[in-house]
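So the structure is just underneath, and the comments pick up after that.
The values are calculated or read from the model by the stated rules, or taken from the named source; none is laboratory data. This one's a predicted model, so the numbers in the text were calculated from it and none came from an experiment. FYI the Cβ positions are ideal-geometry reconstructions off the backbone, even for glycines, and counts take in every protein chain you see.
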């Protein structure tokens, strides 16, 4: 099956969007692995963006919900509240998922920016170009600075 996901988050903390947290099982911003699984079966999902490059692979597993886990999305359509269930799957190993995401940014970052930015919009292009050049010239390098090299 192939689905187009409109919203993917590895973690959402309460202060980001009060009332729309994915879970209350963790406190703070530190990502933690879930330990109570409903199934031993691990599935691999592939997440892509509309711009450039390969998909990011994440291993997920069905988890045992606890009180405070969000198992549906809801929204208002006028006066009508609509809901859709969310399957209770979670990333198996957050450290591995984070590394996969970093590798994707380094490997496909340039493709994303050159696809997303329109060179004919001089204000937007110059703004991003200035930020990219500054990040490459900074005395302290961010771990992802190398994917900005394409604009210089």
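So, in region 54-80, exactly how many residues are in contact with a strand residue (DSSP E or B) (Cβ under 9 Å, 6 or more places away or on another chain), at pLDDT 90 or above and assigned to a loop (DSSP other than H, G, I, E, B)?
Of the residues in that region, 2 qualify.
Scan 146, 115 and give me the residue that is surrounded by 12 or more Cβ atoms within 10 Å (Cβ to Cβ), in contact with a helix residue (DSSP H, G or I) (Cβ under 8 Å, 6 or more places away or on another chain), modelled with pLDDT under 85 and part of a helix (DSSP H, G or I). Quick ask: steps written out before the conclusion?
Details: 115 fails: in contact with a helix residue (DSSP H, G or I) (Cβ under 8 Å, 6 or more places away or on another chain).
Going through 146, 115 in turn, the sole match is 146.
Quick one: is residue 102 within 20 Å of the chain's Cα centre (by Cα), in a helix (DSSP H, G or I) and modelled with pLDDT of 80 or more?
So residue 102 fits the description; yes.
Look through region 31-53, keep the residues that are surrounded by 12 or more Cβ atoms within 10 Å (Cβ to Cβ), outside any strand (DSSP E or B) and touching a residue at least 24 places away in the same chain (Cβ under 8 Å), and return whichever of them is nearest to the chain's Cα centre (by Cα).
Checking each candidate, the answer is 49.
Is there a residue in region 81-95 that is surrounded by 14 or more Cβ atoms within 10 Å (Cβ to Cβ), touching a helix residue (DSSP H, G or I) at 6+ places or on another chain (Cβ under 7 Å), modelled with pLDDT of 75 or more and closer than 30 Å to residue 35 by Cβ?
Yes, region 81-95 contains a residue that is surrounded by 14 or more Cβ atoms within 10 Å (Cβ to Cβ), touching a helix residue (DSSP H, G or I) at 6+ places or on another chain (Cβ under 7 Å), modelled with pLDDT of 75 or more and closer than 30 Å to residue 35 by Cβ.
Which of the residues that make up region 84-97 are in contact with a strand residue (DSSP E or B) (Cβ under 9 Å, 6 or more places away or on another chain) and either in a helix (DSSP H, G or I) or more than 28 Å from residue 44 (Cβ to Cβ) (or both)?
Across region 84-97, the qualifying residues are 96, 97.
How about region 12-51: which of its residues are under 30 Å from residue 117 (Cα atoms) and either modelled with pLDDT of 75 or more or touching a strand residue (DSSP E or B) at 6+ places or on another chain (Cβ under 6 Å) (or both)? Walk me through it before giving the result.
Within region 12-51, the first condition is being under 30 Å from residue 117 (Cα atoms), and the residues that meet it are 12-13, 16-17, 45-51.
Residues satisfying the conditions are 45, 46, 47, 48.
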